[in-house]
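Engineer: A single structure is presented below for examination.
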Amino acid sequence: MPNPLTRHAINGMVARYNDPHYDRWAAQIRHTGGCTQPVHLRGKVEYRDPLNGALLHRYTTANEPGGVLRVACKTRRASRCPSCAETYRADTYQLIRAGLVGGKGVPAEVAEHPAVFLTLTAPSFGAVHSLCMKNGQVLRCRPRRKGGTCPHGRPVACNERHSADDPRLGEPICPDCYDHTGSVLFNALAPELWRRFTIRLRRVLARNCGLSVKELGQVLKVSFAKVAEYQRRGVVHFHAIVRLDGPDGPATLPPGWATLDGLAEAITEAARHVTVATPEAAELPSLTLAWGRELDIRPITANGDLTEQAVAGYVAKYATKAAECVGTLDRRVRPTDDLDQLDIRPQLGD
Ligand SMILES: [Zn+2]
Ligand SMILES: [Zn+2]
Ligand SMILES: [Zn+2]
């Protein structure tokens with residue numbers, strides 16, 4: 001005996017199939033590409049001759065099945081609609097790839113422009129359980145020769161070798177020692193930190209070649225494509241493509257002195273020095289936030305370690321993922337939410 005929900009769904013399908021408007025309904029669904037949460041539009045449009053106002057064509061959703069026109073939701077989040085997110089991922093891949101090798105209106109010469117793939121990390125907010133590998137071997141999570149306990153009486157070491165599906169990965173070794181406030185503030189201010197980084201990078205590049213920022217803009221343009229990746233510990237990392245162009249973008253050559261090494265050097269300096277202060281609050285003085293020490297800068301080349309295809313695939317993948325991949329929500333927590341009922345990691349719901 002099927003449960004009431006299944007019975008309701010089956011009845012719905014039978015009714016739909018026997019509906020005289022089935023063909024039109026099916027055409028709408030096909031048109032949305034199988035979107036799981038199509039937007040239902042109601043209304044009418046009238047096309048009039050701009051000269052004499054005569055009615056040329058009228059469309060109303062009143063004649064559509066159910067009186068609605070279904071259009072794809074076009075979300076980029078795979079957690080909301082896998083089908084629309086897949087379209088978004090494929091489009092992003094083509095867009096990013098074109099920005100690296102040309103195509104879609106971008107000249108092929110762009111492949112000669114210096115470009116790197118950059119990863120900016122979050123700083124540490126306390127020790128978390130992690131999976132470390134060395135020479136194909138899983139290392140112990142957090143070995144400490146002296147052992148000992150933290151002020152909350154919990155061991156500071158973790159001698160386990162965690163497996164990739166261990167739910168403790170990313171969880172603090174001691175939840176009371178972990179700076180949750182700092183990590184939340186970092187996520188909130190990471191976009192501002194990124195914005196300041198891009199400004200700083202242009203300043204460093206200008207200074208390194210003896211120009212003002214304005215003069216730099218007349219000979220060189222810095223282009224960015226950025227995505228955020230949520231780490232298991234719940235903080236964001238940014239991955240970005242940074243490319244140097246001539247003053248009019250990808251169709252113009254950057255000056256000869258704009259090299260990969262010069263770009264990497266300027267990125268390192270900008271990333272190391274940029275900071276953002278959190279606003280002061282009642283019981284929380286302002287904190288100064290900066291990127292983590294780990295900074296990865298890899299040149300993107302046609303035949304090197306990191307190819308354009310690999311980078312485009314990577315960026316496109318993260319463009320469709322959000323915080324839900326690490327066991328939290330893909331939206332804000334609402335005041336009316338019951339935390340126990342949300343599909344989140346149990347520790348986060350405590
Ligand atoms: Zn959709
Ligand atoms: Zn551990
Ligand atoms: Zn502790």
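Engineer: Determine if region 217-232 includes at least one residue that is more than 26 Å from GLY249 (Cβ to Cβ), within 16 Å of ligand 2 (Cβ to nearest atom) and part of a strand (DSSP E or B). Don't jump to the end; show me each part of the working.
Structural biologist: At the first step, the residues of region 217-232 found to be more than 26 Å from GLY249 (Cβ to Cβ) are 229-232.
Subsequent filtering for residues that are within 16 Å of ligand 2 (Cβ to nearest atom) retains 231-232.
Now drop any that are not part of a strand (DSSP E or B), which leaves none.
No; the residues of region 217-232 include none that is more than 26 Å from GLY249 (Cβ to Cβ), within 16 Å of ligand 2 (Cβ to nearest atom) and part of a strand (DSSP E or B).
Engineer: Within region 275-293, does at least one residue satisfy the condition of being closer than 28 Å to VAL110 by Cα and either touching a residue at least 24 places away in the same chain (Cβ under 8 Å) or open to solvent by less than 50 Å² (accessible area, probe 1.4 Å) (or both)? First the steps, then the outcome.
Structural biologist: First, pick out the residues of region 275-293 that are closer than 28 Å to VAL110 by Cα: none.
Checking region 275-293: not a single residue is closer than 28 Å to VAL110 by Cα and either touching a residue at least 24 places away in the same chain (Cβ under 8 Å) or open to solvent by less than 50 Å² (accessible area, probe 1.4 Å) (or both).
Engineer: Under 6 Å by Cβ, and 6 or more places apart or on different chains, what pairs join a residue from region 86-103 that is free of Cβ contacts under 8 Å to residues at least 24 places away in the same chain with one that is charged (D, E, K, R)?
Structural biologist: ALA98/LYS104
Results for (1) of a type in the set (Lys, Arg); (2) farther than 30 Å from ASP245 by Cα; (3) modelled with pLDDT under 90, shown as yes or no for each residue.
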site	(1), (2), (3)
VAL106	no, no, no
ALA111	no, no, no
THR121	no, no, no
LYS146	yes, yes, yes
CYS150	no, yes, no
GLY153	no, yes, no
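Engineer: Of the conditions (1) surrounded by 16 or more Cβ atoms within 10 Å (Cβ to Cβ); (2) away from ligand 2 (no atom under 16 Å from the Cβ), HIS152 clears all except one; give me its number.
Structural biologist: (1)
Engineer: Here's a check for you: in region 120-158, which residue that is over 18 Å from PRO175 (Cα atoms) and basic (Lys, Arg) is nearest to ligand 1 (Cβ to nearest atom)?
Structural biologist: LYS134
Engineer: Same structure, new question: Would you please name the residue that is farthest from VAL235 (Cα to Cα), looking only at residues in region 128-170 that are among the charged types (D, E, K, R) and assigned to a strand (DSSP E or B)? Spell out the reasoning first.
Structural biologist: Going through region 128-170, the residues among the charged types (D, E, K, R) turn out to be 134, 140, 142, 144-146, 154, 160-161, 165-166, 168.
The next check asks that each one be assigned to a strand (DSSP E or B); those that pass are 134, 142.
Values: LYS134: 24, ARG142: 20 Å.
The extreme case among them is LYS134.
Engineer: Ok, one more. For region 156-202: of the residues being open to solvent by 60 Å² or more (accessible area, probe 1.4 Å) and in contact with a helix residue (DSSP H, G or I) (Cβ under 6 Å, 6 or more places away or on another chain), which is nearest to ligand 3 (Cβ to nearest atom)?
Structural biologist: Residue satisfying both the conditions and the ranking: ARG200.
Engineer: Looking at ALA271 and the list (1) touching a Phe, Trp or Tyr at 6+ places or on another chain (Cβ under 6 Å); (2) assigned to a loop (DSSP other than H, G, I, E, B), which single condition is not satisfied?
Structural biologist: The number of the failed condition is (2).
The values are calculated or read from the model by the stated rules, or taken from the named source; none is laboratory data. The structure presented is a predicted model; accordingly, all values stated were derived computationally and were not measured. Every residue, glycine as well, gets a Cβ built from its backbone with ideal geometry; the counts of neighbours run over all protein chains shown. Accessible surface areas use protein heavy atoms only, side chains included; no ligands, DNA or RNA. Shrake-Rupley method; radii C 1.70, N 1.55, O 1.52, S 1.80 Å.
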